[in-house]
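Participant: Below you will find the structure I want to go over with you.
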């Protein structure tokens, strides 16, 4: 699956207001993503709000798979079907992006 095109609307991370104070550590995410967010001092989901997926993809040790994992989490939150402790459904990461 392709990543959102850099600079497109889909490239921006938008965390719903109700989820912005949720700690990143309360979610079942990969150790790699957890470490990367820790290095970047992203402690709550609101720290990600306004960033771009294309920017995250340039972070050290953050490849396409890790960005897609983050994309899935963000989309689950936006659709209101995230349950703490569960990984996002692959169905939520599917979508058509501008290429």
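Participant: Restricting to the range 11-43, name every residue that is over 13 Å from residue 69 (Cβ atoms), within 12 Å of the chain's Cα centre (by Cα) and not in a loop (DSSP other than H, G, I, E, B).
Facilitator: Of everything in the range 11-43, those that are over 13 Å from residue 69 (Cβ atoms), within 12 Å of the chain's Cα centre (by Cα) and not in a loop (DSSP other than H, G, I, E, B) turn out to be 11, 12.
Participant: Just to check your reading of the model, which residue among 46, 50 is at pLDDT 85 or above and either part of a strand (DSSP E or B) or over 17 Å from residue 9 (Cβ atoms) (or both)?
Facilitator: One residue alone meets the criteria, 46.
Participant: A further question on this structure: Can you confirm whether residue 25 is surrounded by fewer than 18 Cβ atoms within 10 Å (Cβ to Cβ) and touching a helix residue (DSSP H, G or I) at 6+ places or on another chain (Cβ under 7 Å)?
Facilitator: no
Participant: Name the residues in the range 53-66 that are assigned to a helix (DSSP H, G or I) and without any contact (Cβ under 8 Å) to a residue 24 or more places away in the chain, would you?
Facilitator: Residues satisfying the conditions are 55, 65.
Participant: Condition check: touching a helix residue (DSSP H, G or I) at 6+ places or on another chain (Cβ under 6 Å) and at pLDDT below 90. Does residue 16 satisfy that?
Facilitator: no
Participant: Could you list all residues from the range 36-61 that are surrounded by fewer than 16 Cβ atoms within 10 Å (Cβ to Cβ) and in contact with a strand residue (DSSP E or B) (Cβ under 8 Å, 6 or more places away or on another chain)?
Facilitator: Matches in the range 36-61: 43, 50.
The values are calculated or read from the model by the stated rules, or taken from the named source; none is laboratory data. None of these values were measured; they are calculated from a predicted model. Positions of Cβ are backbone-derived with ideal geometry, glycine not excepted, and every protein chain shown enters the neighbour counts.
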